[in-house]
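All remarks here apply to the structure that follows.
The values are calculated or read from the model by the stated rules, or taken from the named source; none is laboratory data. Computed from a predicted structure; not experimentally measured. Note that each Cβ is placed from the backbone with ideal geometry, even for glycine, and that neighbours are counted across all protein chains shown.
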Ligand SMILES: CC(C)(COP(=O)(O)OP(=O)(O)OC[C@H]1O[C@@H](n2cnc3c(N)ncnc32)[C@H](O)[C@@H]1OP(=O)(O)O)[C@@H](O)C(=O)NCCC(=O)NCCS
């Protein structure tokens with residue numbers, strides 16, 4: 001069976017689905033907690049992957065300045081993992097960030113192998129500007145953060161025109 005997957009900007013009706021999708025990963029402390037209000041307040045930063053009409057994945061890109069944006073809240077529903085959805089979400093964000101003229105994207109992650117496969121390189125956390133830690137202070141692991149920092153220059157990203165956000169079909 002073919003699945004039809006589309007990556008698009010999130011809208012208000014996606015918020016409860018995004019919230020529900022994030023919960024198990026928040027509970028495992030893989031991503032930072034967000035309530036529905038927080039998702040609404042940052043809604044323009046979110047992309048979702050819709051698979052056969054269901055929200056199967058989400059990612060958020062937060063811009064710090066001309067030289068830096070962070071990928072946050074990247075999650076693919078376990079039922080849909082390993083079908084290329086994570087890649088589509090990250091590449092969709094890169095495309096969007098690049099269109100906005102921001103030079104570099106980074107993430108703090110436990111899935112370093114996933115990001116290096118997508119062209120990211122591991123960097124020291126100390127190389128990131130102090131302002132990126134403002135949300136991390138709310139994390140219970142802040143004092144002993146064991147996430148790895150990865151980054152990618154947008155000049156190294158394969159860029160498609162913004163009008164062509166990824167749409168693919170994958171086998172089950
Ligand atoms: C990490 C995550 C988003 C990946 O999503 P996904 O849809 O399964 O990933 P994709 O299928 O697009 O994988 C793209 C490539 O990365 C590889 N990959 C996926 N997860 C990987 C991992 N944990 N380690 C190493 N490589 C991985 C895939 O094999 C694939 O390689 P290929 O192109 O050679 O086949 C998903 O596993 C997830 O939601 N994990 C839990 C939450 C999380 O850790 N989020 C990251 C927060 S920064």
Legend entry - Residues of the stretch 52-89 that turn out to be touching a helix residue (DSSP H, G or I) at 6+ places or on another chain (Cβ under 9 Å) and either assigned to a strand (DSSP E or B) or over 23 Å from residue 40 (Cβ atoms) (or both), as a count: 24
Inset, instruction - For the stretch 96-127, name all the residues that are more than 20 Å from residue 18 (Cβ to Cβ), away from the ligand (no atom under 15 Å from the Cβ) and crowded, with 16+ Cβ neighbours inside 10 Å. - result: 98, 102, 104
Inset, instruction - Of all residues in the stretch 25-40, count the ones that are more than 19 Å from residue 71 (Cβ to Cβ) and either within 14 Å of the ligand (Cβ to nearest atom) or at pLDDT below 95 (or both). - result: 1
Inset, instruction - Would you check if there is a residue in the stretch 44-58 being within 8 Å of the ligand (Cβ to nearest atom), free of Cβ contacts under 8 Å to residues at least 60 places away in the same chain and under 16 Å from residue 151 (Cα atoms)? - result: no
Inset, instruction - Could you please give the count of residues in the stretch 12-38 that are touching a residue at least 40 places away in the same chain (Cβ under 8 Å) and not in a helix (DSSP H, G or I)? - result: 5
Inset, instruction - Report yes if some residue within the stretch 41-50 is at pLDDT below 95 and either in a strand (DSSP E or B) or surrounded by fewer than 19 Cβ atoms within 10 Å (Cβ to Cβ) (or both); otherwise report no. - result: no
